[in-house]
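Quick notes on the structure that follows.
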Amino acid sequence: MKHCFRLGAVLLLGASVAPAVIAQGFPKAPPPPGPLVPAPYPPFAQVDLPNGLRILVVQSKKQPIVSLTLAFSAGGVHDPAGKEGLASMVAGLLTKGAGARTAEQVSEAIEGAGGSLSAGAGSDFLAITSTVLKPSLPLAFELMGDAVLRPTFPEAEVELLRTQTLSALQVAATQPDVIADRAFRAALYGRHPYGRSPTPSGVQAISKADLVAFHRARLRPSGALLVLAGDVTLAEARRLAAAAFQGWTGTPPTAAPSPAAPARGKPELVLVHRPGSVQSNIVVGNLSFLPTDPRSYAATVANQVLGGGAASRLFMILREQKIWTYGAYSQFTRRKGLGFFSAGSEVRTEVTDSALTEILHQLRRITTEPVPRAESDAAKGSITGHYPLQTETADQVASAVSDSRLYGLIWNYVQTYRVRIGSVTPVQMRAAAKAFIRPDSAVIVVVGDGAKIYEKLRAIAPITILDPDGKPLTPADLTPKVATLDLDIDALVARRDSFTVTFSGRELGWQRGVLEKTPDGFRYVEDTELPGVVTQTTTLEMDAKGRIKSVKQTGKQMGQDAGVDVVYSGGRAKGSATTIDPQTRKSKAVVVDTVVIEGTIDDNSVQALVPALKWKAGAKWTMTVLSAGQAEIKPWTMSVGAVETITVGGKPREVYRASVTGPDAPLTFWVTTASPHTLVKIGLTGQPLEFNRVP
């Protein structure tokens, strides 16, 4: 009873107080923000070692953690022409065997200490990073010293990284955003190294001798920067560095002057023709400023207003108002040399010209109209509010401080960044935007189905047409060409195919295919089981002449549902597909609705039709192929080489070796010379993945 009375008293008291509180009212506006002040970082301690290595320490005892970043002027800009990707491969191998440790032992040592060790190369710099608990700091220095002074570049690791790099390039070549980025930088920078991108031929050309020579030449202490953030003193850092880098000397060679980037007085439009694409990727931009330009703060705020996030003009107009896209953004990209500005979006094919026109309008608007105070204040608030979240951990601090010094920014850039952003005025924003956003002399790249968008884009700017590999095309090339296969239909007889799938010689899974005749044609059912990678069933329906009627694929890729459901009828392919991006592991829904010319086949049908091709040494076939997963139509070429003998299933077989170019990953087929021509082996170029026929 006492508890009940006490509760009742509280309730009565609340009832009597509430009206009084309500009567007083609540504030109608939040209190104004306090003034921005420099970030309270501890003083940066710095020392230069006799060999030229600069050490910078940002000490903090909040947590017993230390992050290290050791950076060199050894980025991709220093790759020799024709061997693009060399810097990235060197970085990728520094921790794959160094000193007396193998790759596995390096990994076991750092992971056993609960830390991390990695290396990577960007356009300008190569960096080795490590984060460890304070007691393991000597180990981090030891491993970093081995990686810098004594990498072993084991042949097996070199070839494994080459294979992984080639695989990544093959995947990237199918991604329209990657295609757009490469075409944009190539057009923007021209012959300057910033405009180059790694290619399969370039990666194949890189030898171990190239890796060793690049490492010896560019990973020198003079001009290198070691930044430590966390629970460490300058004296500790100097002592550990002296021990880890003992005997390390030298200065990297002076880089030869790079060719100047093209100067433009009018917009230039590059159309990358991607047949069958249901969306267009748009990128618009121009060269901008050196990293030390003081106007970069105002440019950053102007960009935030224009396309820096979900509240920006591009995002709100193109997505929320027009409903043309899932998102539209812009950014300034920093380079040690001249950086660039870019804005873009991925839109439906039918609104490509409208979206591009709107993007150009918004770029002109930010350079000519004053930004309202409320809009500029919101942009500055967003930047200054997010910045502390980007520099709160030891590794973030080490990275931020390292970047500021490598790019030659003011000595207190990290501490005063928020204050300088907060002091930008609308007048400064407009001036910076006018100087660094130049839509009337921009490079414009559109990746999409040129047959559908070329005529509408002609009114916007002069057009150069390329294929996804960068090869020039003409307007006539946009019209699909008939490439009907000359098939021996009588060779399509009922059959069963079984393959064992191996990766680097280890069995990974299996594939089975069954071709059977139906009353009006053929049905081909293929089952693939690669545990943890792909589990799927594909069913193809073909007419009596081997022409595709429908394809249905169900299953999982990387544990997620994926599939294809497309019908070929009346000169069109219509349906849908769900694919998984191998880089992000996110699913993507694709709508398929495209014109298909006579003779177009589905990418899933090539294997089924192999026996019906008229095989002989030197034969060459061009096929028009629809890849529903990418909503893309492009030519595949199968070229037959000389006869050779291989052993499959313990038996020697005389076969034709045929290379297949055009698919995401180039293929090699081995097909028996004797009729019926039987596919006995499939290999993926640049990958240790093979399909070997089971007798």
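The values are calculated or read from the model by the stated rules, or taken from the named source; none is laboratory data. Computed from a prediction, not measured in an experiment: that's the story for all the values here. Ideal geometry is used to build each Cβ from the backbone, glycine not excepted, and the neighbour counts take in all protein chains shown. Accessible surface is based on the protein model in full, side chains and every heavy atom, while ligands, DNA and RNA are left aside. Shrake-Rupley method; radii C 1.70, N 1.55, O 1.52, S 1.80 Å.
Some notes on this structure:
- Test: residue in the stretch 621-638 that is over 27 Å from Thr479 (Cα atoms) and not hydroxyl-bearing (Ser, Thr, Tyr): no
- Cβ-Cβ under 8 Å pairs, at least 6 apart or on other chains, the stretch 79-106 side in contact (Cβ under 8 Å) with a residue 60 or more places away in the chain, far side open to solvent by 60 Å² or more (accessible area, probe 1.4 Å) and basic (Lys, Arg): Asp79/Arg196; Ala81/Arg196; Glu84/Arg196
- Any hit, the stretch 451-471, residues being under 26 Å from the mean Cα position of the chain (by Cα) and either in a helix (DSSP H, G or I) or closer than 18 Å to Ser330 by Cβ (or both): yes
- Just one of the numbered conditions (1) of a type outside the set (Gly, Ala, Ser); (2) under 30 Å from Leu689 (Cα atoms); (3) surrounded by fewer than 22 Cβ atoms within 10 Å (Cβ to Cβ) is not true of Leu139: (2).
- Leading residue by the ranking (least open to solvent (accessible area, probe 1.4 Å)) among those in the stretch 658-695 that are within 17 Å of Ala617 (Cα to Cα) and small (Gly, Ala, Ser): Ala658
- Condition met for Arg191 (surrounded by 18 or more Cβ atoms within 10 Å (Cβ to Cβ) and farther than 28 Å from Ala237 by Cα): no
- Within the stretch 278-290, one or more residues are in contact with a Ser or Thr (Cβ under 7 Å, 6 or more places away or on another chain), open to solvent by 20 Å² or more (accessible area, probe 1.4 Å), polar (S, T, N, Q) and closer than 30 Å to Lys634 by Cα.
- Gln511 closer than 30 Å to Ala156 by Cβ and at pLDDT 95 or above: yes
Quick grid of which residues meet (1) among the hydrophobic types (A, V, I, L, M, F, W, C); (2) crowded, with 16+ Cβ neighbours inside 10 Å:
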{"residue": "Asp146", "(1), (2)": "no, yes"}
{"residue": "Val158", "(1), (2)": "yes, yes"}
{"residue": "Val171", "(1), (2)": "yes, no"}
{"residue": "Ala187", "(1), (2)": "yes, yes"}
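- Residue ID - nearest to Met89 (Cα to Cα), chosen from residues in the stretch 182-195 that are of a type outside the set (A, V, I, L, M) and under 15 Å from the mean Cα position of the chain (by Cα): Arg182
- Residue ID - farthest from Ala261 (Cα to Cα), chosen from residues in the stretch 424-443 that are part of a loop (DSSP other than H, G, I, E, B) and open to solvent by less than 30 Å² (accessible area, probe 1.4 Å): Val424
- The single residue among Ala494, Ala476, Ala451, Ala544 that is free of Cβ contacts under 8 Å to residues at least 12 places away in the same chain, open to solvent by less than 80 Å² (accessible area, probe 1.4 Å) and either in contact with a strand residue (DSSP E or B) (Cβ under 7 Å, 6 or more places away or on another chain) or on the phi < 0 side of the Ramachandran plot (or both) turns out to be Ala476.
- Members of the stretch 207-241 that are closer than 16 Å to Ala121 by Cα, among the aliphatic types (A, V, I, L, M) and open to solvent by less than 20 Å² (accessible area, probe 1.4 Å): Leu211, Leu219, Ala224, Leu225, Leu226
- Of everything in the stretch 645-657 that is in contact (Cβ under 8 Å) with a residue 24 or more places away in the chain and part of a strand (DSSP E or B), the residue that is most open to solvent (accessible area, probe 1.4 Å) is Lys651.
- Ala642 vs. criteria over 34 Å from the mean Cα position of the chain (by Cα), in a strand (DSSP E or B) and modelled with pLDDT under 90: yes
- Condition check for Ala29 on (1) part of a loop (DSSP other than H, G, I, E, B); (2) modelled with pLDDT under 75; (3) open to solvent by less than 100 Å² (accessible area, probe 1.4 Å): one failure, at (2).
- Among the residues of the stretch 327-385, those identified as more than 23 Å from Arg438 (Cβ to Cβ), open to solvent by 60 Å² or more (accessible area, probe 1.4 Å) and of a type in the set (D, E, K, R) are Arg348, Glu350, Arg373, Asp377.
- Conditions (1) more than 19 Å from Phe214 (Cα to Cα); (2) open to solvent by less than 20 Å² (accessible area, probe 1.4 Å); (3) out of contact with any Leu (no Cβ under 6 Å at 6 or more places or on another chain): number failed by Thr131: (2)
- Hits in the stretch 362-394 (condition: in contact with a Lys or Arg (Cβ under 7 Å, 6 or more places away or on another chain) and of a type in the set (S, T, N, Q)): Gln362, Thr367, Thr384
- Any chance Pro253 is outside any helix (DSSP H, G or I), surrounded by fewer than 19 Cβ atoms within 10 Å (Cβ to Cβ) and free of Cβ contacts under 8 Å to residues at least 40 places away in the same chain: yes
- Residue count for the stretch 495-521, restricted to those that are within 14 Å of Leu679 (Cβ to Cβ) and among the basic types (Lys, Arg): 3
- Criterion applied to Leu68, Leu49 was being buried (at least 19 other Cβ atoms within 10 Å of the Cβ) and touching a residue at least 60 places away in the same chain (Cβ under 8 Å), and the one residue passing it is Leu68.
- Pairs are defined by a Cβ separation below 6 Å, a sequence spacing of at least 6 or placement on different chains, a first member in the stretch 499-514 that is in a loop (DSSP other than H, G, I, E, B), and a second member that is not basic (Lys, Arg); the pairs so defined are Ser504/Pro688.
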